[in-house]
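Enquirer: This structure is in structure tokens; I'll ask about it shortly.
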Amino acid sequence: MTMFSTQTRRLALAGLLAMALPGAGLAQTYPTKPVTIIVSFAAGGPSDVIARLLGEQMSKTLGQTVLVENVAGAGGTAGAKRLAAAAPDGHTLLIHHLALAAAPALYGNLGYDTKTDFLPIGLVNTGPMVVASKLALPATDAKGFFAYAKANADKLTVAHAGVGSNSHLCAVLMSQQLGAKFAQVAYRGTGPAMNDLVGGQIDILCDQSTSAVPQIQGEKIRAYAVTSTERLDILPTIPTAKEAGTDLEMTIWHGLYAPKGTPAPVLDKVNAALREALKQPAVVEKFKGFGTSVFPEAEWTREAHARRFLAEVDKWAVSLKAAGVTPQN
Ligand code: MLT
């Protein structure tokens, strides 16, 4: 990447870490009331599932109830906007994925500054997307699906969770790979989109493995390809999209955020609770069963999250611009 020098990013990283206020005293009493984790998509989707799993574990360490609030809309940016306006006291947090980093390349008027309004607390999980269809689609394997989708694009509907969501970016990448234009149907999250895929109201959905794996195992949808470089242990018969002759590759990740101004000792306390949650066999096993993984322990620091976040903001700015995408209002 040439547009953003390492030094520029280092300065931004230092800025992000310095934006937390001192407030050591606060950390001793924090949290003094239930903590809310905002999820930027509808209930039942992958972000919601991950947030509830973490919230349950983190509440044990924090000694307070952790609530999940779904603030869906505008490809995940409505929830982000809510966090940016929240009191910076650690009682309102946000779990979000790479859409938070991609949004400035897609939306002209977010109502917040992506690089400075959110303080990264820690990375959560990383995993692939799964290209899937309703059972009634005639294709039975990946190569057959990509050929069928290319030939019948004008008759097929692809669901996603709003512009900039993982499912949307995956649909865009798939369209580019196939040179095919599908009719897109936007939902408030892939939870409801997956329900409609199972019900056969829509044809195709590229969703995170977290949501897709249980439906594939229940034989409610048909999976064709995973977007990782390797097959998933949990879906050994499903090829990578690359094996099926495309260059479709996409890895998603979730992280936890607090609003700008949250005291550093509070962030450290939340980071400690997050680390404790990520160590729990119940969480590790659940993630594994969904085909997603916790990050290596060396990357559980606030710094590692900030580094990845800033790098992804820059990466999506470059790649979406190169793809001819301009920010819309
Ligand atoms: C969701 O939880 O609905 C997803 O994370 C949405 C997406 O990004 O596709």
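The values are calculated or read from the model by the stated rules, or taken from the named source; none is laboratory data. Predicted model, so just to flag it, every value in this text is computed and none were measured. Heads up, the Cβs are rebuilt from the backbone with ideal geometry, glycines too, and the neighbour counts pull from every protein chain shown. Accessible surface areas use protein heavy atoms only, side chains included; no ligands, DNA or RNA. Shrake-Rupley method; radii C 1.70, N 1.55, O 1.52, S 1.80 Å.
Enquirer: To the nearest 0.05, how large is the calculated FRET efficiency for Thr32 and Arg275 if R₀ is 25 Å and r is the Cβ-Cβ distance?
Expert: 0.70
Enquirer: Then there's this: For region 165-232, what class follows from the C-alpha gyration tensor (a ≥ b ≥ c being the square roots of its eigenvalues): rounded when a/c is under 1.5, otherwise prolate if a/b is larger than b/c, else oblate?
Expert: Taking the square roots of the gyration eigenvalues as a ≥ b ≥ c, region 165-232 is oblate.
Enquirer: For Lys155, which aspartates and glutamates qualify as cross-link partners when the Cα separation must be under 16 Å and same-chain residues fewer than eight apart are set aside?
Expert: Within the straight-line cut-off, Lys155 pairs with Asp203.
Enquirer: Hydropathy at least 0.0 by Kyte-Doolittle, axial extent at least 20 angstrom from the Cα trace: which helices of the chain, defined as entire DSSP H runs, fit?
Expert: 46-62, 264-279
Enquirer: Give, as a single signed number, the net charge of other residues whose beta carbon lies under 15 Å from the beta carbon of Gly111, with Lys and Arg counted +1 and Asp and Glu -1.
Expert: +2
Enquirer: Straight-line reach from Lys115: which lysines fall under 24 Å, measuring Cα to Cα and dropping same-chain residues less than 8 apart?
Expert: Lys81, Lys260, Lys269, Lys315, Lys321
Enquirer: Give me the percent of the accessible area of region 128-226 that comes from carbon and sulfur atoms, probe 1.4 Å, all protein chains in place.
Expert: Here carbon and sulfur together make up 50 percent of the probe-accessible area.
Enquirer: For region 142-285, what is the relative contact order in percent, using Cα pairs closer than 8 Å and at least 6 residues apart in sequence?
Expert: After rounding, I find 20 percent.
Enquirer: Further question: Are any of the pairs Lys134/Lys288; Lys181/Lys242; Lys33/Lys288; Lys143/Lys242 more than 22 Å apart by Cα-Cα distance, and if so, which?
Expert: Those over the limit are Lys134/Lys288; Lys33/Lys288.
Enquirer: A follow-up question, please. Accessible area per residue, 1.4 Å probe, Å², for the chain: what's the number?
Expert: 41 Å²
Enquirer: At a 1.4 Å probe, what is the % contribution of carbon and sulfur to the accessible area of region 60-116?
Expert: Carbon and sulfur: 49 percent of the exposed surface of region 60-116.
Enquirer: With label points built 7 Å along Cα→Cβ from the Cα atoms of Thr229 and Lys150, find their separation and express it in nm.
Expert: It works out to 2.5 nm between the two label points.
Enquirer: Please compute the length gained on full extension between Asp113 and Lys288, using 0.36 nm multiplied by the number of residues separating them and subtracting their Cα-Cα distance.
Expert: 59.6 nm
Enquirer: Also, I was wondering about something else. With a cut-off of 20 Å, note down the residues of region 185-212 whose backbone N falls inside the zone around a label point 7 Å from the Cα of Thr157 toward its beta carbon.
Expert: The answer is 185-208, 212.
Enquirer: Give me the net charge of Gln64's neighbourhood, meaning all other residues with Cβ under 12 Å from the Cβ of Gln64; Lys, Arg count +1, Asp, Glu -1.
Expert: Spelling it out: positives minus negatives among the neighbours equals +3.
Enquirer: Here's another thing I want to ask about it. Could you work out how much longer the chain between Lys242 and Lys321 gets when fully extended? Use 0.36 nm per residue separation minus the Cα distance between them, nm to one decimal.
Expert: Fully extending the segment from Lys242 to Lys321 adds 26.1 nm.
Enquirer: Further question on the same structure: Check Leu119: other-chain or 5+ apart residues with amide H under 5 Å from its amide H, H built from backbone geometry?
Expert: Under 5 Å from the amide H of Leu119 lie the amide H atoms of Ala258, Lys260, each far enough along the sequence or on another chain.
Enquirer: Under 8 Å for C-alpha pairs, at least 6 residues apart: give me the relative contact order for region 128-226, rounded to a whole percent.
Expert: 47 percent
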